[in-house]
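Working notes, structure below.
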Amino acid sequence: METFEAIILGIVQGLTEFLPVSSSGHLAIGNALLGVETDNNLLFAVMVHAATVLSTIVVLHKEIWQLLKGLFAFRLNEETRYIGNLLLSMIPVFIVGVFFKDTVEEIFGSGLLVVGICLWITAGLLAFSYFAHPRPKERIGWKDAIVIGLAQAVAVLPGLSRSGSTIATGLLLGNKKESVAKFSFLMVLVPILGEAFLDTLDFVETGGTASGISGTAMICGFLAAFVVGCLACKWMINIVKKGKLIYFAVYCALAGTFAILWHLFA
């Protein structure tokens, strides 16, 4: 992998991790267009995912600090309730990661056809959440957290946007736009860090190397994912607040069509 390819893939990861267009799906499309094989470059995948986690922490540092202060007050309060909901939302994806990891990895290797179909599903979900008008709620409850967590677990499929699925699900449940956007970005921190940790252990235990990737390319990919991730995170919160997810529904439908046509005719 050349440096410019690492930068491009880092930009794609940083941008699509937060925008409701599926980072996994776009990385698969990007790899196909660039002719890059990243299956043996696990460390690069870990690096760019870690970069997006860091960008989330930077953008939402005030919210995270407030939650930590409430947690270490060692009493029941609004912050501990919120953290409890975050933990509840992580249970479904934890179950999928522990018990169905091999199945998911097989699906990830099934080509752009699955990516295209899942992008179409993402488009439908975003469009539905845009036109639906459920009864509004004051805050995200524990039942909502579980349902949003189920949406995140299903979104491990390539092409099914994690942020799109969780934000759309939260909106369909009647939660406030800005609240559900921030909840969506916070709920993924621990799962991504856990996945990165396990992938790093696998990388070390198997004696793996960053095959075909120089240290410079690795750093450039990380920085690209981090900088673009910071911008995309802020942008996405504003987009959700303004209720403009329908544009991403149209984009996902077009991207899904492209992926399917590429699979059929390339």
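The values are calculated or read from the model by the stated rules, or taken from the named source; none is laboratory data. Bear in mind that the values here come from a model prediction, so they are computed numbers and not experimental data. As a convention, Cβ positions derive from the backbone with ideal geometry for all residues, glycine included, and neighbour counts pool all protein chains shown.
I'd like to verify a number: residues in segment 242-266 that are in contact with a Ser or Thr (Cβ under 7 Å, 6 or more places away or on another chain) and outside any helix (DSSP H, G or I), how many? Break it down stepwise before answering.
Step one: list which residues in segment 242-266 are in contact with a Ser or Thr (Cβ under 7 Å, 6 or more places away or on another chain), which gives 245, 252.
The next check asks that each one be outside any helix (DSSP H, G or I); those that pass are 245.
Going through segment 242-266 one residue at a time, the tally reaches 1.
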Next on the checklist: Restricting to segment 1-35, name every residue that is within 20 Å of residue 230 (Cα to Cα), not β-branched (Val, Ile, Thr) and not in a helix (DSSP H, G or I).
Outcome noted: 17, 18, 19, 20, 22
Checklist entry - residue 199 passes all but one of (1) assigned to a helix (DSSP H, G or I); (2) modelled with pLDDT of 70 or more; which number fails? => result (2)
Checklist outcome for this item: When restricted to 111, 124, 141, the only residue on the phi > 0 side of the Ramachandran plot and either of a type in the set (Ser, Thr, Tyr) or surrounded by fewer than 22 Cβ atoms within 10 Å (Cβ to Cβ) (or both) is 111
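Counting only residues that are in contact (Cβ under 8 Å) with a residue 40 or more places away in the chain and not in a helix (DSSP H, G or I), which one in segment 173-194 is surrounded by the fewest Cβ atoms within 10 Å (Cβ to Cβ)?
If we filter segment 173-194 for residues that are in contact (Cβ under 8 Å) with a residue 40 or more places away in the chain, which is where we start, we get 174, 176-183, 185-194.
When the remaining residues are screened for being not in a helix (DSSP H, G or I), the result is 174, 176, 187-188.
Details: 174: 16, 176: 18, 187: 22, 188: 26.
For segment 173-194, the residue satisfying everything is 174.
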Next on the checklist: Pairs please, first residue from segment 7-31 and on the phi > 0 side of the Ramachandran plot and small (Gly, Ala, Ser), second anywhere and assigned to a loop (DSSP other than H, G, I, E, B) and surrounded by 24 or more Cβ atoms within 10 Å (Cβ to Cβ), Cβ atoms under 6 Å, 6+ apart in sequence or on different chains.
Outcome noted: 22/159; 22/161
Next on the checklist: For segment 160-190, which positions are under 19 Å from residue 26 (Cβ atoms) and within 10 Å of the chain's Cα centre (by Cα)?
Outcome noted: 160, 161, 162, 163, 164, 165, 166, 184, 185, 188
